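Input: a single structure, listed below in structure tokens.
The values are calculated or read from the model by the stated rules, or taken from the named source; none is laboratory data. Since the structure is predicted, the reported quantities are computational estimates derived from the model, not experimental observations. When we count neighbours, we look across all protein chains shown, and the Cβ atoms used for this are built from the backbone with ideal geometry, even at glycine.
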Amino acid sequence: MFVLFNVIITVVLDLIGMAVRLVSILGFVYGLAVLIPSLAVGVRRLHDTGRSGWWLLIGIIPIVGTIILIVFMATPGDRGDNAYGPDPKLEPQPTA
């Protein structure tokens, strides 16, 4: 959802920038504002699949790195606990 909302907001800001004849400064400022949260979401998603957050750097490689990163992000997360913590989709077990 985070990525979807960011894409929608960026497209709207770019359209507003083109309509007002700005040099897309609105989209740039928004992109700068969500840089750190975007990195955090990417690292968290990689942790869900049992991979280190350093795998985000593979996106630097043109085309191939981006494709590999998309595959990593699209794979389902690990069931149960992994090295980065418990499965966020598991419901907490009642204690008593």
Just for helices (runs of 4 or more DSSP H) wholly inside the chain: which have at least 1 residues that are in contact with a strand residue (DSSP E or B) (Cβ under 8 Å, 6 or more places away or on another chain)? 35-48
Name the one entry in Leu32, Leu22, Leu46 that is at pLDDT below 85 and not polar (S, T, N, Q). Leu22
Within region 1-19, residues exposed (fewer than 15 other Cβ atoms within 10 Å of the Cβ) and at pLDDT 90 or above come out as Leu4, Phe5, Ile8
